[in-house]
Amino acid sequence: MPRDQRRRQLLQAAHQVFVAHGYHGAAMDEIADVAMVSKPVLYQHFPGKRELYLALLDEHLDELTTRLLEAIASTTDNKLRVQATIREFFGFIASDSQAHRLVFESDLMNDAAVSSRLEAFNARFANAIASVISEDTGLSQAQAVLLGRAMSGMAQVSARYWLELEGEVDLEEASELVSRLAWRGIGRFPKET
């Protein structure tokens, strides 16, 4: 099997095991079993469980970042931007892959490599929002980044809570409610003239 295809297979197996058991409960033996490879094959690609986890985290953060940045860039209508971006966040959280569990609910959050990756993601997302805000308003860069962080946090916390509702509010309605709340707040800032 080609190296990149084998790597994909190993990452998929690791994803399954990490989602089911968390980082600390996952074992390289089980990941090798799920991937149907020997442990030496697994170790040829990843020197340890932590490196395997970080590779998965990077993959999921890259996917989420791409989705969110595409939503922000999808239109110049800021109300539609807010809707698209919130919808993408909810879509990522709702995904059957449960990638959000590795990104936002990891039992490895105190690891410096994990926390720095999450902070880099949060900063990039907030800065993308802040760029739009600062272009459209008279707010300083620091004020725009603060609002970007607030909107990013609102999307993340509300989407994660929405999962706990277990179907009481459907995905479209939930993302629309949060989008309206976000837009009613951010839409009140005056446009730069």
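The values are calculated or read from the model by the stated rules, or taken from the named source; none is laboratory data. Note that this is a predicted model, so its numbers are computed, not measured. Here the Cβ is made from the backbone with ideal geometry for all residues, glycine too, and neighbour counts use every protein chain on show. These area figures cover heavy atoms from the full protein model, side chains too; ligands, DNA and RNA do not enter into them. Shrake-Rupley method; radii C 1.70, N 1.55, O 1.52, S 1.80 Å.
Among Leu42, Leu57, Val19, which residue has its Cα furthest toward the positive end of the charge dipole of segment 14-64, with +1 on Lys/Arg Cβ and -1 on Asp/Glu Cβ?
Leu42
Would you please state the base-10 log of I(q)/I(0) at q = 0.13, 0.18, 0.32 1/Å for segment 78-127, with intensities from the Debye formula using one equal scatterer on every alpha carbon?
Calculated log10 I(q)/I(0) at the listed q: -0.39, -0.69, -1.12.
Per residue, how many Å² of accessible area does segment 73-193 show with a 1.4 Å probe?
Numbers: 6660 Å² over 121 residues.
Here the per-residue accessible area is 55 Å².
Over all alpha-carbon pairs in segment 1-42, figure out the percentage whose distance exceeds 12 Å. If you can, show how the numbers build up before the last one.
On the way: 453 of 861 pairs.
Roughly 53 percent, once rounded to a whole number.
Which whole-Hz couplings ³J(HN,Hα) result when phi for each residue of segment 135-152 is put into the Karplus expression 6.51 cos²θ - 1.76 cosθ + 1.60, θ = phi - 60°, listed in order with x for Gly and Pro?
Karplus-based 3J(HN,Hα) across segment 135-152 equals 5, 9, 10, x, 6, 5, 4, 4, 5, 5, 5, 4, 5, x, 5, 5, 5, 4 Hz.
Pairwise over distinct Cα atoms, reciprocal of the mean inverse distance: report the Kirkwood radius of the chain in Å, one decimal place. Each step should come with its number before you reach the end.
Details: mean 1/r = 0.0553 Å⁻¹.
Kirkwood radius, the chain: 18.1 Å.
So which GluC sites (Glu not before Pro) in segment 30-111 pass both tests, a DSSP loop state and at most 16 other Cβ atoms within 10 Å of the Cβ? Display every interim value, and only then the final one.
Details: sites: Glu30, Glu51, Glu59, Glu63, Glu70, Glu88, Glu105; in loops: Glu105.
The qualifying sites are Glu105.
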